[in-house]
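The values are calculated or read from the model by the stated rules, or taken from the named source; none is laboratory data. All of these numbers come straight from a predicted model, not from anything done at the bench. Cβ: placed from backbone, ideal geometry, glycine included. Neighbour counts: every protein chain shown. Only protein heavy atoms, including side chains, enter the accessible area calculation; ligands, DNA and RNA are left aside. Shrake-Rupley method; radii C 1.70, N 1.55, O 1.52, S 1.80 Å.
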Amino acid sequence: HFPEGDSENQANTAPRYVAPSHDIGIGSGGVEPSFVAENEGGEEDVRAALTCFFIHMYGDMGMYLSETHGTFWLDRRKFLLRKKQLGEKENAPTFIVLQKFSSSSMFSTHVKGRIDDMSMTARD
């Protein structure tokens, strides 16, 4: 909180949002105004780091898509084989995560989305 004379000036320069107060019990519905510092540079750095991480994990679409009679499908075996060809060791923690990840519904949903994107692009 700011001294009385400064709160008006500070309120005009900092974004405001309302957050639950830690002093008020949960469920009482009490909120207090808080100030947030924006850090666009830091957000961009985090976005870039996560993008690099997921590109490293997923690879390019050719690593996990196969095609039969013009239809693309998720090829988990191809994905894991390609990861091994790129140097992942089967007993390494990262490879174990990739094995579990490649069988997850999250990965299947991601691949289905990429296939849907490609089919929509082909129609345009």
Fill in the blank from the handout: Between Asp45 and Thr109, the FRET efficiency computed from the C-beta separation at R0 = 35 Å comes out, to the nearest 0.05, as 0.80
Fill in the blank from the handout: Given 112-119, 40-47, the highest-first ranking by average Cβ count within 10 Å works out to 112-119, 40-47
Fill in the blank from the handout: Leu81 and Phe95 label points (each 7 Å along its Cα→Cβ direction) are spaced in nm at 1.6 nm
Fill in the blank from the handout: Protection proxy (average C-beta count within 10 Å per residue), highest first, orders 48-54, 102-108, 59-65 as 59-65, 102-108, 48-54
Fill in the blank from the handout: Under 5 Å from the placed amide H of Leu65, counting only residues 5+ away or on other chains, we find Asp75
Problem - Accessible-area composition of the range 58-124, carbon plus sulfur, in percent [1.4 Å probe] - result: 56 percent
Practice task
Roll a 1.4 Å probe over the protein chains and send me the accessible area per residue for the range 57-120 in Å².
Solution key: 64 Å²
